[in-house]
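Here the structure is laid out as structure tokens; the discussion comes afterwards.
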Amino acid sequence: MDHQEVELLAIGAGPANLALAVALEELAPDELSTRTLIVEQYDDVAWQRGMLLPWSQSQVSFLKDLVTLRNPRSRYSFVNYLHSIDRLDEFINLGSATPYRLEISDYLQWVARSLTKVRVEHGRRVVAIEPSGVVAGEVTEWLVRFSNGGTVRCRDLVIGAGRDPFVPEEFAAIPREKVVHSTEFSSRTAEMDPAAAHRIVVVGGAQSAAEMLWSSHQGFPNSQCTIVMRSIGLNGYESSKFTNELFYPSFVDKFNSARPEAREQLLREMHRTNYSGLAPAMLDNLYRTMYLEKLTGAERLSMITMAEISAARMDGDEVVLTLTDRKTALQEEIRCDVVMLGTGFAKEMPRMTRNLAASVGVDNFSVDRNYRMTLPPTVSAGVYLQGVNEATHGIADSLISVLAIRSGEIVADLLAHRRTPLAESSVLPRQSTEALAGVTTAL
């Protein structure tokens, strides 16, 4: 049977847990770093896998990598990555502080390959998490089950797998082959005939929706591409240097200690700095393309604003969308071959995390300042959440901007809570995990 025992298990090999791996290698004793395992469900490491488009750029400075803000001399910096592959001169000459998405993805792969203590295993999809190591009623460990039947027992967990994709309920009855969420855009569109005359409707008014619209327009030259949004039109990101200070890692303390009504105001007013906005170049591309198409009479790109999708149904092989005009309340139907969803991610905590909490009898939960889940006193096994804590840690929580500092804070908290290494743990008989009600966390 495929079973391992480690001290720390991190779920997801994205930027958050790779930054944690770097911090462990640089800050933690070997008995912790060498007993840490990162598991990734895919066969490789990629950043924004579904939207890894060749022309797309990050909106964040290359200096906000996995480590530089915490340790500018680290061998795991983005600059050292460029130097190691002999592309530093070219990057400097490019004159841009924001790398291409492909570069960041390649940087993450380079970091994963360069780790010397923390291990990364691929093709490991988590299907269940169970409380384990129950001694005198206290949960001291977690047992994680994988789709291939393997298991890992660990003292502490770090969950950095991101939020669940949000698919509006109107599309629940539409066949999967007709609906493409942005998280799977690249792989799904690769299966489509580039020469076919597709009728494509993109839902959403932010950067991911606009990128899907532009990529579809360029990649399927015989297609009609329509974007539908609730807002009055596409808007640019809010990019004031004053508001950008709210993305400093040091601002997390101010946000975390703020009153609830102040947190709500900050999140509301900062919404367009990360959501509901587009990069200036994308706005310009779309507007100029629509202008030129009207000029030449070859219109393939269209936009419907202030519209709600109130229903969706199948009619033969067509998807029929019912749109409700927010200005007049009048309805119309549009037909298409495929719907692409730039609808983002569910606001609630991911199912994996909610099920884990339920397995120890917790319905409502949060994290403390150091990202550790607040679980009952009977649970001493730790769980840390990365990238899902906007409500308590601010709008930058899901972004690369804070990873270098946050990973150091999590390592410091792990060390503060650290007990005897797992291999040397108490030999007292463990209570069967089945003695706990609702013990299995099916994902």
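What follows is calculated from the coordinates using simple rules that are stated; it is not laboratory data. Here the structure is a predicted model, which means the values were calculated and not measured. Using ideal geometry, Cβ is built from the backbone for each residue, glycine included, and neighbour counts are taken over all protein chains shown.
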Excluding Arg124 itself, what net charge comes from residues whose Cβ is under 13 Å from its Cβ, given Lys and Arg +1 and Asp and Glu -1? -2
Added length on full extension, which subtracts the Cα-Cα distance from 0.36 nm per residue, Thr98 to Asn222: 41.4 nm
Karplus-derived 3J(HN,Hα) from phi for region 282-296 (6.51 cos²θ - 1.76 cosθ + 1.60, θ = phi - 60°), whole Hz, x at Gly and Pro, runs 5, 4, 5, 4, 5, 5, 5, 5, 5, 4, 5, 5, 5, 5, 8
Rounded to the nearest 5, the percent of DSSP beta bridges in the chain running antiparallel is 45
Tell me what the chain gives for mean residue ellipticity at 222 nm when only DSSP H runs of n ≥ 4 count, each as -39,500 (n - 2.57), the sum divided by the residue total, rounded to 500 deg cm²/dmol. -8500 deg cm²/dmol
Please give the charge dipole size of region 206-315, origin at the Cα centre, charges +1 on K and R Cβ atoms and -1 on D and E Cβ atoms. Round to the nearest 20 debye. 60
Which residue fluctuates the most in the chain, going by a Gaussian network model with Cα springs under 10 Å, if the choices are Ala358, Ala23, Ala195? Ala195
What three numbers, in Å, describe the spread of the alpha carbons of the chain along their principal axes, ordered from the longest? 78, 53, 47
Between beta-carbons, use under 14 Å as the cut-off and find the net charge around Thr68, counting Lys and Arg +1, Asp and Glu -1. +3
Between Ala329 and Phe242, what length comes free when the chain is fully extended (0.36 nm per residue of separation minus the Cα-Cα distance, one decimal in nm)? 27.4 nm
Measuring from the longest principal axis of the C-alpha atoms of the chain, the long axis of helix 15-27 (C-alpha) lies at a number of degrees, nearest 10, equal to 30
Sum up the charges of everything whose Cβ sits under 9 Å from the Cβ of Trp142, counting Lys and Arg as +1 and Asp and Glu as -1, but leave Trp142 out. -1
Length gained when the stretch Ser147-Ala172 is fully extended (0.36 nm per residue, less Cα-Cα span): 6.5 nm
List the pairs from Lys241/Lys327; Lys254/Lys327; Lys327/Lys347; Lys64/Lys117 whose alpha-carbon separation is above 29 Å, in the order I gave them. Lys241/Lys327; Lys254/Lys327
